[in-house]
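The values are calculated or read from the model by the stated rules, or taken from the named source; none is laboratory data. Computed from a predicted model, the values in this text were never measured in an experiment. Neighbour counts run over all protein chains shown; Cβ positions are idealised from the backbone, glycine included. We work out accessible area using only protein heavy atoms, side chains counted, and drop any ligands, DNA or RNA first. Shrake-Rupley method; radii C 1.70, N 1.55, O 1.52, S 1.80 Å.
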Amino acid sequence: MSAVEVRGLSRSFDGREILRDVSFTVGHGEVFGYLGPNGAGKTTTIRILLGLLAPGAGEVRVLGRDLASDDDARARVGVLFDNNGLADRMSAADNLAYYAGLYGVEDPAERIDELLALVDLADRRDDPVGTFSTGMKRKLGIARAILHRPEVVFLDEPSSGLDPGAQRMVRDLILELSRREEMTVFLNSHHLDEVQRICSTVAILAGGRIRAFDTVANLTSASGRPAVTVSLADPGDRARACETVGRLPFVAGCDADGGALHCTLADPGATPDLVAALVGANIRIEEVRRSSRSLEEIYLEHVGRAEGGA
Amino acid sequence: MSTLSVIARREIRLALRNRGVLITAFVFAIWFPVMTAVGIAAAAGGDAAAVSGGIAAITLPVGVFMGYIFCSDAFLREKRDGTIETLLCAPVSLQRLWEGKALGVVVPAYLTTLLAAAVSIGAASALAEAPVAADPLLLLHLAAVVPVWIAAAAGLIGAAQLALGMRENQILGFAFIFGFIFLIGGLQAVISGGSGVSATAEAVLMAVGLALLALARFIAGKVTKERIVRTIP
């Protein structure tokens, strides 16, 4: 049984189709990235999974249960929306104590102290949340979401509105939590760098459909043709190197950038032949590395295709 | 501790920390009774029963209005901020969430209504020179009828605020205030009649209050999470 299962999910609002036959699964303990442009239907999917909206068609399950009708199953799930779910007029500790009461957390005082220390807010425990910065609120929101040790936690744009330092802090926190608490993380984001760093699996949603669903490693290595970056010892050899490479039948394309050649290969096993051809032309090579495409490139390609109606 | 009391205690705490709501409630609890006490005293003269009737008549709308004031913090603010969405994901039914919030509204609304009643009794007694505090029907009115009406108001207003969008809630707010002004006009007519508190009137008011409470519960049962989420601004 998967932690999250979505099968043939569709949903429309006011005659406009937001989700069309969406299917994917998330395994236990995975950090799953759900990517898509604004308005793609990411938050709608999360809301349907959490039982806040009904599916138009299809079926969703979290931990094998329907959260819309199952209070006990909801106790095993955590969620962080954009607003953090915190009351500004209450202190950090009181906010956590409230949710501890709702979720029936055992020994709440100890758990609250542990989490406040983890998110580095122990010294602000009695301060009203309204006095906190956006980053501090987000950290407290994450602590609130995992307060009851959920098996699955849904994080909806956890880094939005944060400065780069705070984004990194949130990213590190998510990674630490997934390791320490062994929870499944469902990360809804369009911070592609963040997703590439922390997620094991991703799904790209665009135009209401899933355009790609695979591990990050598979997506970034298997998409498109293999590519190799060759760093030249002498940048002055660039023109000659381009000419040499351009004559090779197994090279599909070559771009030069400073002292480096970016070659796209027609044959994945042709890297040694490429190196031999350059050495044979008396071109000194400093470094050769297989280059993979970034998640951002793959994302933009899928979203671009969806927007182009492909 | 039950989830009902967890939710209610939090709403009471939040109400006590909302300076704007508290100031509005206290100003209303003092200003309105003093103003109406002048009318009550003038109409009743030295008739203590008539003064009791006047005070009983104003405490119901005051209680309902207090319920409205505190609902704006417990239900509407939570929806406007979007934090209601997180609460809806907790292992608590929507009905229980509504009950807890309504209870959290009733407590401060009832306490401020009692303050308004005390100010009314003091002011009217002084102006009419007719002490009314010992009237058992007035005490019954304050102890039983008023809290039931406040609970019904909190339940109905809360359910409406959860179900309606922000624009509809604005219209509801204006309608409520205009309705309240209209009610005051009607009450002044009742007060000037100089009638006292009667057991029959209290029984009818109690029955109506309980019916409204049942209606509130029925309406709240019809509100869905989807309806709430789709009307979050």
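Note on chain B: Cα-Cα pairs beyond 29 Å make up 29% of the total pair count. Accessible surface of region A:123-186, 1.4 Å probe: 44 percent of it comes from carbon and sulfur atoms. Along the positive direction of the dipole of chain B (beta-carbon charges: Lys, Arg +1; Asp, Glu -1; about the Cα centre), which of B:66, B:140, B:120 reaches farthest? The residue sitting most towards the positive pole is B:66. Evaluating 6.51 cos²θ - 1.76 cosθ + 1.60 at θ = phi - 60° for every residue in region A:56-67, the Karplus couplings come out as x, 8, x, 9, 10, 9, 10, 6, x, 10, 9, 5 Hz, glycine and proline recorded as x.
At 222 nm, what value in deg cm²/dmol follows for chain A if DSSP H runs of at least 4 each add -39500 (n - 2.57) and the sum is divided by all its residues, to the nearest 500?
-10500 deg cm²/dmol
Over the protein assembly as shown, the Kirkwood radius and the radius of gyration, each from Cα atoms, give a ratio Rg/Rh of 1.18. Membrane-span-like helices in chain B, defined here as complete DSSP H runs extending at least 27 Å along the helix axis by their C-alpha atoms with mean Kyte-Doolittle hydropathy no lower than 0.0, are B:19-44, B:48-71, B:94-128, B:166-192, B:199-222; this is a sequence and geometry rule, not a statement about a membrane. Excluding ligands, DNA and RNA, the accessible surface per residue across region B:1-156 is 34 Å² with a 1.4 Å probe. Placing +1 on the Cβ of every Lys and Arg and -1 on the Cβ of every Asp and Glu, with no other charges, gives chain A a dipole of roughly 660 debye about its Cα centre. Over chain A, Cα pairs under 8 Å with separation of 6+ residues give a relative contact order of 19 percent. Put a plus charge on the Cβ of each Lys and Arg, a minus charge on the Cβ of each Asp and Glu, and nothing anywhere else: the dipole of region A:225-292 about its Cα centre is then about 100 debye. Modelled spin labels at residue B:222 and residue A:160, positioned 7 Å past Cα toward Cβ, are 3.3 nm from each other.
In the context of the full set of protein chains, region A:1-146 has a per residue accessible area of 37 Å² (1.4 Å probe).
For the pair residue B:175 and residue A:182, label points projected 7 Å from Cα toward Cβ lie 5.5 nm apart. Restricting to bridges with both residues inside region A:68-203, how much of the DSSP beta-bridge set is antiparallel, in percent to the nearest 5? Bridges in region A:68-203 that DSSP calls antiparallel: roughly 10 percent.
Projected onto their three principal axes, the Cα atoms of region A:225-292 cover extents of 28, 22, 16 Å, largest first. Most simply put, the protein assembly as shown has about 65% antiparallel DSSP beta bridges, counting only bridges with both residues inside it.
The loop-placed trypsin sites (Lys or Arg not before Pro) in region A:170-267, going by DSSP, that have at most 11 neighbouring Cβ atoms within 10 Å of their Cβ come out as A:247. Taking all protein chains in place and a 1.4 Å probe, what share, in percent, of the accessible surface of region A:225-292 do carbon and sulfur account for? Using a 1.4 Å probe with all protein chains present, region A:225-292 comes out at 47 percent carbon and sulfur. Which of the pairs B:101/B:222; A:42/B:225; B:79/B:225; B:79/B:222; B:101/B:225 have their Cα atoms more than 23 Å apart in this structure? Result: no pair exceeds 23 Å. Over region A:1-62, the Kirkwood radius and the radius of gyration, each from Cα atoms, give a ratio Rg/Rh of 0.95.
Taking the charge dipole of region B:1-106 about its Cα centre, with +1 at Lys and Arg Cβ atoms and -1 at Asp and Glu Cβ atoms, the residue from B:82, B:98, B:43 reaching farthest to the positive side is B:82.
How many percent of the alpha carbon pairs in chain A exceed a separation of 33 Å?
Of all Cα-Cα pairs in chain A, 39 percent lie more than 33 Å apart.
Interface residues of region A:47-88, defined as those losing at least 20 Å² of solvent-accessible heavy-atom surface relative to the isolated chain (probe radius 1.4 Å), are listed as A:47, A:52, A:53, A:71, A:74, A:79, A:81, A:83, A:85, A:87. The accessible surface of region A:1-81, taken with every protein chain in place and a 1.4 Å probe, is 39 percent carbon and sulfur. Largest to smallest in accessible area, the residues A:292, B:72, B:120 fall in the order A:292, B:72, B:120 (1.4 Å probe, all protein chains included). Note on B:17-23: average number of Cβ atoms from other chains within 10 Å of each residue's Cβ is 1.
Peptide A:90-103 is shielded by partner chain Cβ atoms: per residue, an average of 4 of them sit within 10 Å of its Cβ.
Dipole magnitude for chain B: computed about the Cα centre from +1 point charges on Lys and Arg Cβ and -1 point charges on Asp and Glu Cβ, it is near 980 debye. When accessible surface is computed with a 1.4 Å probe, chains B and A are found to bury approximately 2600 Å² between them, both chains counted. With protein chains left intact and a 1.4 Å probe, residues in region A:225-292 average 56 Å² of accessible area per residue. Of B:21, B:51, B:106, the residue with the greatest mean-square motion in the GNM of chain B, using alpha carbon springs below 10 Å, is B:21. Candidates B:151, A:191, A:64 compared by Cα position along the dipole of the protein assembly as shown: farthest toward the positive end lies B:151, with charges placed on Cβ. Annotation: average projected area of region A:1-147 is 9.9 square nanometres, based on the convex hull of Cα atoms across all directions. To the nearest 10, the accessible area of residue A:31 is 10 Å² with a 1.4 Å probe.
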